[in-house]
Amino acid sequence: MTDLSAPPHPFDSAVGLSPALRGRTRPEYANMVGPFGGITAATLVRALEQHPDRLGDPLAITVNYLAPLVDGEFDVTARAARTNRTNQHWLLELSQDGTVTTTASAVTGLRRDTWADTEISPPTAPDPEDVAVQEFPEFIAWARNYEMRFVRGAIPTEEAVEQPDSTSTLWVRDAPPRPLDHPALTALCDVFTPRVFLRRGRAMPASTVSMTVYFHADAAELAEVGEDFVLGTARGHRYTGGHFDQSGQLWSRGGTLLATTHQLVYFKD
């Protein structure tokens with residue numbers, strides 16, 4: 001039974017929106033400049049979920065970060081550009097004081113019972129209970145909302161050196177634990193630190209320019225995960241001209257591919 005007197009989970013407070021789609025930034029999810037990008041993307045998915053015209057579950061979203069949010073209130077607009085028989089195309093904007101800071105396009109839709117297969121396999125990893133929890137620097141506030149257990153490719157320390165490969169693999173879940181849903185899955189797709197940190201062996205100015213998430217799991221499959229860990233893995237591809245791309249996947253403990261994600265990231269060396 002749900003305890004109605006208990007305070008909301010910090011994640012639900014962070015992505016909470018009024019019926020008019022107004023929200024507020026939360027210091028718990030602050031990043032070095034503005035909020036954690038994953039919480040912004042998750043808020044847009046929440047806006048989709050509570051829209052009265054929505055058809056089906058989230059299938060995909062692409063979020064473009066135009067400018068950092070400042071602390072305070074913001075407004076989201078969501079408009080269905082087209083509704084087909086089984087899918088729906090959305091345009092979203094997040095703004096503060098009339099200035100647009102984030103845009104997104106999204107697809108929702110009805111999932112049909114069809115032939116299915118998964119061509120890739122999850123990375124090999126020990127059980128999360130056998131992996132130590134990673135501690136993050138105090139100034140990265142948003143990371144305290146996640147329990148991260150790195151199998152490979154943890155954030156660089158002061159003793160780190162350049163690496164030939166940027167792959168990170170980790171078990172991760174909300175802290176405190178929270179049942180997985182599409183907004184939370186969206187935010188988890190952004191827990192991977194910029195891949196250039198691992199390649200260069202140090203932190204440097206970097207920020208996501210655009211992030212896409214493809215949702216492969218429906219609500220029932222996410223409910224099966226519940227409050228358990230998911231296994232995430234990500235790597236970069238090419239670093240050039242102050243930008244690079246990175247791709248990642250999120251898997252359930254049972255080996256179900258939940259989401260794939262792709263980012264374009266700006267960096268300054």
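Read-outs throughout are calculated quantities, based only on the coordinates presented, and are distinct from any laboratory measurement. Keep in mind it's a predicted model, so treat the numbers as computed, not measured. For neighbour counting, all protein chains shown are included, and Cβ atoms are generated from backbone atoms with ideal geometry for every residue, glycine included.
Binning every alpha carbon pair distance of segment 1-144 at 5 Å from zero, what are the percents per bin? Result returned by the calculation: 2, 8, 15, 16, 15, 15, 14, 10, 5, 1. What the Kirkwood sum gives for the chain is a hydrodynamic radius of 19.1 Å, with every pair of different alpha carbons counted.
Think of the chain as a dipole: +1 on every Lys or Arg Cβ, -1 on every Asp or Glu Cβ, centred on the Cα centre; then among His243, Pro205, Gly38, His243 lies furthest on the positive end.
Backbone amide hydrogens, once placed in the peptide plane, bring Arg111 within less than 5 Å of Asp57, excluding anything fewer than 5 places away on its chain.
Take peptides 37-50, 171-184 and line them up by average Cβ neighbours within 10 Å, highest first, as a rough protection proxy. It would help to have the intermediate numbers written out before the result.
Details: 37-50: 24.5, 171-184: 19.1.
Those peptides, ordered most packed to least, come out 37-50, 171-184.
Rank Glu119, Glu129, Glu147 by mean-square fluctuation in a GNM of the chain with C-alpha springs under 10 angstrom and give only the top-ranked residue. Of the options given, Glu119 has the highest mean-square fluctuation.
The 3J(HN,Hα) values that the Karplus relation (6.51, -1.76, 1.60; θ = phi - 60°) gives for segment 13-20 are, in residue order, 5, 5, 9, x, 10, 6, x, 8 Hz. Gly and Pro appear as x.
To the nearest 20 debye, what is the magnitude of the charge dipole of the chain about its Cα centre, counting +1 on the Cβ of each Lys and Arg and -1 on the Cβ of each Asp and Glu?
Details: 23 positive and 34 negative charges, 167 e Å.
Computed about the Cα centre, the dipole is about 800 debye.
Residues in segment 261-267 carry Karplus couplings, in order, of 9, 9, 9, 10, 10, 8, 9 Hz; the curve used is 6.51 cos²θ - 1.76 cosθ + 1.60 with θ = phi - 60°, and Gly or Pro positions show x.
Along the axis of the charge dipole computed for segment 44-184 (Cβ charges of +1 for Lys and Arg, -1 for Asp and Glu, origin at the Cα centre), the listed residues Ala184, Thr167, Pro156 are led at the positive end by Ala184. The alpha-carbon atoms of segment 176-245 define a convex hull whose volume equals 116 cubic angstrom per residue.
Taking square-rooted eigenvalues a ≥ b ≥ c of the alpha carbon gyration tensor, is segment 95-138 rounded, prolate or oblate, where a/c under 1.5 means rounded and, failing that, a/b exceeding b/c means prolate? Could the numbers behind the result be given before it?
Working: a/c = 3.93, a/b = 1.14, b/c = 3.43.
Since a/c reaches 1.5 but b/c is at least a/b, the shape of segment 95-138 is classed as oblate.
Both numbers refer to the Cα atoms of segment 97-168; Rg and Dmax are 19.2, 51 Å. Each stretch of four or more DSSP H residues adds -39500 (n - 2.57); spread over every residue of the chain, this sum gives -4000 deg cm²/dmol at 222 nm.
Across segment 139-150, rounded Karplus estimates of 3J(HN,Hα) from the backbone phi angles (6.51 cos²θ - 1.76 cosθ + 1.60, θ = phi - 60°) give 6, 8, 4, 4, 5, 5, 8, 9, 9, 10, 10, 7 Hz, Gly and Pro being marked x.
Over the residues of segment 128-269, compute the C-alpha Rg and express it relative to 2.2 N^0.38 Å.
On the way: Rg = 14.8 Å, N = 142, 2.2 N^0.38 = 14.5 Å.
The value comes to 1.02.
Just check segment 1-53 against the gyration tensor rule for me: Cα atoms, a ≥ b ≥ c as the square roots of the eigenvalues, rounded for a/c under 1.5, and otherwise prolate or oblate depending on whether a/b exceeds b/c. Oblate, since a/c reaches 1.5 and b/c is not below a/b. For Ala30, the amide hydrogen comes within under 5 Å of the amide hydrogens of Phe36, Trp142, counting only partners 5 or more places away or on other chains and with H modelled in the peptide plane. The charge dipole of segment 122-269, taken about its Cα centre with unit charges on the Cβ atoms of Lys, Arg (+1), Asp and Glu (-1) only, comes to about 600 debye.
Can you tell me the dipole magnitude for segment 1-141 around its Cα centre, using point charges on the Cβ only (Lys, Arg +1; Asp, Glu -1), in Debye to the nearest 20? It would help to have the intermediate numbers written out before the result.
Numbers: 10 positive and 19 negative charges, 181 e Å.
So the dipole magnitude of segment 1-141 works out to roughly 880 debye.
Order 18-24, 244-250 from most to least packed using the mean count of other Cβ atoms within 10 Å. Could the numbers behind the result be given before it?
Details: 18-24: 12.9, 244-250: 21.0.
Top of the packing list down: 244-250, 18-24.
The Cα atoms of segment 68-204 give a gyration tensor whose axes a ≥ b ≥ c have a/c of 1.5 or more with a/b no greater than b/c, which makes the shape oblate.
Over 13 Å, how big is the tail of the calculated P(r) for segment 228-269, in percent of all Cα pairs? Kindly include the intermediate steps, with their values, before the conclusion.
Working: 489 of 861 pairs.
When every Cα pair of segment 228-269 is considered, 57 percent fall beyond 13 Å.
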